[in-house]
């Protein structure tokens, strides 16, 4: 959690510097993703009743408020709205990636279950056939069972 806060603060510093120098939010590059991803991680942890994560999230919210003011007063027109739209799109992409990972994991689990079930069915059928063949052999060779 402290790692997320430190990474978010470092990313915030880069974003703040970029905007203060008259740059666009996209000029901050990976720092934008880092800030937003670490904020999302802190939100998840804060929702799990972790007080340290809650206070870290409050620090991030203060940074975001300062960032909002910078974007509105120093940045180009509409920069804050673009930032909000960017956050929504980034969240959608992250959620889609998470669904994709979960889908792949579920497919792998299903494949393993299918292999195990097939193996058990083969063993069961083989054992049954062996028992039938053994019974037939015993009847033929001994004449009775």
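For this structure, a couple of remarks:
- Selected residue (only one of 123, 72 is over 26 Å from residue 19 (Cα atoms), free of Cβ contacts under 8 Å to residues at least 12 places away in the same chain and in a helix (DSSP H, G or I)): 123
- Pairs where the first residue, in the range 32-55, is farther than 19 Å from residue 91 by Cβ and the second is at pLDDT 75 or above and buried (at least 17 other Cβ atoms within 10 Å of the Cβ), C-beta under 6 Å, 6+ apart: none
- Flag if residue 106 is modelled with pLDDT of 75 or more, surrounded by 13 or more Cβ atoms within 10 Å (Cβ to Cβ) and within 15 Å of the chain's Cα centre (by Cα): no
- Looking across the range 1-21, the residues that are assigned to a helix (DSSP H, G or I) and farther than 15 Å from residue 57 by Cα come down to 13, 14, 15, 16, 17, 18, 19, 20.
The values are calculated or read from the model by the stated rules, or taken from the named source; none is laboratory data. Because the structure is a prediction, the values reported are computed rather than measured. All Cβ positions, even for glycine, are placed from backbone atoms using ideal geometry, and neighbour counts span all protein chains on display.
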